[in-house]
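Some notes on the structure that comes next.
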Amino acid sequence: MNQSPKVAIIGGGACGLMAALCAARAGADVTIYEHNQSVGKKILASGNGRCNIINTTSCADDYFGADPHFASYPLKQLPFSAFETFCHSIGLLLDVKEDGRCYPLSNEAKAVLFAFNSAAKVAGVKILTETKVTSITKKKNLFIVESAQEKMSYDRVLIATGSEAAPQLGASSDGYTFAKSFGHEILPTYPSLVQLHLNSRVHHKMAGVKTHAEVTLYVNGKEKGKVQGDILFASYGISGLAILDISQKASSALMKHQKVALSINLLPRFESSELNTIIEKLFASVPHYTVETVLSGLIPAKTVTYLLEEAIISPSVSVSKVTNKELTKLLRLIQDWRFEVSGTHGFKHAEVSGGGVSTAQINNMTMESKHINGLYFAGEVLDIVGRRGGYNFNFAWATGMIAGKEMAKDL
Ligand SMILES: Cc1cc2nc3c(=O)[nH]c(=O)nc-3n(C[C@H](O)[C@H](O)[C@H](O)COP(=O)(O)OP(=O)(O)OC[C@H]3O[C@@H](n4cnc5c(N)ncnc54)[C@H](O)[C@@H]3O)c2cc1C
């Protein structure tokens with residue numbers, strides 16, 4: 001008779017929990033090691049406490065890494081319909097928004113964790129919390145998993161330790177250390193979905209100013225991306241959803257020591273010639289108004305103050321006195337206000353990390369190492385990072401599911 005495989009899952013995040021459930025439901029004897037006091041801390045913190053659990057439209061194009069197509073196979077194994085069926089099996093109902101983002105119907109992240117925890121209990125998964133794995137070694141066909149408390153042996157091990165993003169929630173680089181100890185390559189990591197630091201005279205004075213804008217990313221002077229959304233100036237630089245969306249490419253370029261800049265278009269709804277005409281007409285209709293008053297009808301007042309400072313135009317000058325040269329400069333700044341990006345706000349503030357365990361050495365149909373039989377990697381520890389919008393959990397669920405099912409197979 002075949003014995004059920006003894007499986008260790010290192011990391012009780014989204015990926016580890018999914019893998020544990022799938023493995024246990026398929027008959028494996030599963031233990032999760034989690035160094036936090038409880039599992040799923042990032043699930044609880046996600047989506048501002050609402051957990052953007054998946055995106056119904058996910059495909060490899062939504063991911064970055066040395067080989068984003070690595071994600072294709074796992075994503076296809078867990079299409080939205082299959083994920084929804086799985087969620088129903090653990091008592092979790094979902095709410096799909098128009099843009100494909102999906103949340104628990106209760107709109108509470110804790111519902112997701114509760115459902116996974118309850119299902120894990122029913123499936124007989126052992127969860128060792130406050131248990132930090134310090135080393136994993138392989139002797140003959142067995143893996144020795146060592147923590148401060150004990151040494152245990154397993155037939156198969158999944159490294160689902162996530163990335164270094166948000167260390168305050170338990171993130172660690174331990175997965176990379178374990179991977180390296182088995183000869184796996186780690187691609188340099190960098191914070192992603194993160195706020196950016198600016199090198200400018202004015203951003204800190206605009207701290208707290210929030211507006212809608214189009215943001216264009218330049219790397220070494222070449223356009224590399226464009227997004228529209230909210231931006232929020234801060235003492236250190238800039239944040240807001242548009243910035244998080246563009247941060248992946250910005251942060252990856254900064255890591256390669258490339259020159260990174262943002263162009264901010266405060267009035268993206270107008271073509272530049274159209275804006276020219278509108279402003280000229282406005283100036284002509286109220287020639288005695290100050291330039292500050294007129295511009296405040298178009299863009300947030302606090303922005304106007306610093307836009308004029310940057311254009312070196314006195315706010316109190318009447319519009320009839322603004323020279324053509326000044327007007328041209330003003331128009332350019334409104335639609336192409338350049339800021340040099342000097343860095344990111346770091347892993348502490350990042351939602352995810354780029355880089356990680358190279359996917360070249362992992363079989364994406366099983367998530368098993370191509371070098372070490374019985375050793376698996378899944379979730380954010382891998383060199384795959386998704387866009388904002390439920391894509392990162394999507395990858396964690398899909399790869400966790402595959403690894404879990406594979407690890408439960410007969411020895
Ligand atoms: C604030 C925030 C909001 C987010 N919101 C969203 C969202 O709405 N939608 C979305 O798709 N993504 C979101 N993400 C990203 C998402 O949380 C991650 O991509 C996802 O959690 C990755 O899952 P994982 O299981 O691979 O890693 P993790 O969830 O990071 O889990 C890894 C686990 O391993 C544990 N661990 C690490 N080292 C050890 C060790 N040596 N021994 C034992 N345990 C260890 C960690 O404590 C952790 O619990 C958000 C991230 C953050 C930080």
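Could you say whether any residue in the stretch 358-368 is in a loop (DSSP other than H, G, I, E, B), touching a helix residue (DSSP H, G or I) at 6+ places or on another chain (Cβ under 8 Å) and closer than 14 Å to ALA179 by Cβ? Can you show your working first?
So in the stretch 358-368, the residues in a loop (DSSP other than H, G, I, E, B) come out as 358, 364-367.
Now narrow it down to the ones that are touching a helix residue (DSSP H, G or I) at 6+ places or on another chain (Cβ under 8 Å): 364-367.
After this cut, where a residue has to be closer than 14 Å to ALA179 by Cβ as well, the list is 367.
Yes, that holds for at least one residue.
Within the stretch 111-137, how many residues are over 22 Å from LYS405 (Cβ atoms), among the basic types (Lys, Arg) and either assigned to a strand (DSSP E or B) or out of contact with any strand residue (DSSP E or B) (no Cβ under 7 Å at 6 or more places or on another chain) (or both)?
Total meeting the criteria: 0.
Is it fair to say GLN149 is surrounded by fewer than 17 Cβ atoms within 10 Å (Cβ to Cβ) and under 22 Å from the mean Cα position of the chain (by Cα)? Before you say what the answer is, go through the steps one by one.
Numbers: surrounded by fewer than 17 Cβ atoms within 10 Å (Cβ to Cβ): yes; under 22 Å from the mean Cα position of the chain (by Cα): no.
No; evaluated as a whole, the condition is false for this residue.
Under 9 Å between Cβ atoms, at least 6 apart or on separate chains: pull out the pairs that start in the stretch 79-101 with a residue that is more than 15 Å from SER58 (Cβ to Cβ) and end on any residue that is assigned to a loop (DSSP other than H, G, I, E, B) and among the polar types (S, T, N, Q).
LEU92/SER106; LEU93/SER106; ASP95/SER106; ASP95/ASN107
Among the numbered criteria (1) under 16 Å from the mean Cα position of the chain (by Cα); (2) surrounded by fewer than 20 Cβ atoms within 10 Å (Cβ to Cβ); (3) of a type in the set (Phe, Trp, Tyr), which single criterion is violated by PHE86?
(1)
List the number of the failed condition for VAL7; all other conditions in (1) near the ligand (Cβ under 10 Å from one of its atoms); (2) assigned to a strand (DSSP E or B) hold.
So VAL7 meets the others, but not (1).
Can you give me the number of residues within the stretch 38-67 that are surrounded by fewer than 16 Cβ atoms within 10 Å (Cβ to Cβ) and near the ligand (Cβ under 10 Å from one of its atoms)?
Counting residues in the stretch 38-67 that are surrounded by fewer than 16 Cβ atoms within 10 Å (Cβ to Cβ) and near the ligand (Cβ under 10 Å from one of its atoms) gives 4.
How many of the residues making up the stretch 356-411 are under 17 Å from GLY11 (Cα atoms), surrounded by fewer than 24 Cβ atoms within 10 Å (Cβ to Cβ) and either aliphatic (A, V, I, L, M) or within 16 Å of the ligand (Cβ to nearest atom) (or both)?
1
List, please: which pairs have Cβ atoms under 7 Å, are six or more places apart or on different chains, and start with a residue in the stretch 52-63 that is assigned to a loop (DSSP other than H, G, I, E, B) and end with one that is within 11 Å of the ligand (Cβ to nearest atom) and among the polar types (S, T, N, Q)?
These pairs meet every condition: ASN52/SER46; SER58/ASN394.
Among (1) of a type outside the set (S, T, N, Q); (2) modelled with pLDDT under 95; (3) in contact with an Asp or Glu (Cβ under 8 Å, 6 or more places away or on another chain), which single condition is ASP99 missing?
Going through the list (1) of a type outside the set (S, T, N, Q); (2) modelled with pLDDT under 95; (3) in contact with an Asp or Glu (Cβ under 8 Å, 6 or more places away or on another chain), ASP99 breaks only (3).
Answer yes or no as to whether GLY124 is in the same structural domain as ARG25 (by TED's automatic domain parsing), within 12 Å of the ligand (Cβ to nearest atom) and on the phi > 0 side of the Ramachandran plot.
On the way: in the same structural domain as ARG25 (by TED's automatic domain parsing): yes; within 12 Å of the ligand (Cβ to nearest atom): no; on the phi > 0 side of the Ramachandran plot: yes.
Criteria not met by GLY124.
Please work out which residue is nearest to the chain's Cα centre (by Cα), limiting yourself to the stretch 153-188 and to residues that are surrounded by fewer than 17 Cβ atoms within 10 Å (Cβ to Cβ) and more than 10 Å from the ligand (Cβ to nearest atom).
Filtering the stretch 153-188 for residues that are surrounded by fewer than 17 Cβ atoms within 10 Å (Cβ to Cβ) and more than 10 Å from the ligand (Cβ to nearest atom), the one nearest to the chain's Cα centre (by Cα) comes out as PRO188.
Go over the candidates LYS224, LYS259, LYS281 one by one and state the one that is basic (Lys, Arg), surrounded by fewer than 19 Cβ atoms within 10 Å (Cβ to Cβ) and touching a Lys or Arg at 6+ places or on another chain (Cβ under 7 Å).
LYS224
Would you check if there is a residue in the stretch 18-29 being within 16 Å of the ligand (Cβ to nearest atom) and touching a Phe, Trp or Tyr at 6+ places or on another chain (Cβ under 6 Å)?
Our first condition is that a residue be within 16 Å of the ligand (Cβ to nearest atom); within the stretch 18-29, this holds for 18-23.
Those left that are additionally touching a Phe, Trp or Tyr at 6+ places or on another chain (Cβ under 6 Å): 18.
Yes, the stretch 18-29 contains at least one residue that is within 16 Å of the ligand (Cβ to nearest atom) and touching a Phe, Trp or Tyr at 6+ places or on another chain (Cβ under 6 Å).
Just one of the numbered conditions (1) in a helix (DSSP H, G or I); (2) away from the ligand (no atom under 14 Å from the Cβ) is not true of LEU75; which one?
(2)
The values are calculated or read from the model by the stated rules, or taken from the named source; none is laboratory data. Fair warning: this is a prediction, and the values are worked out from it, not measured in the lab. Cβ: placed from backbone, ideal geometry, glycine included. Neighbour counts: every protein chain shown.
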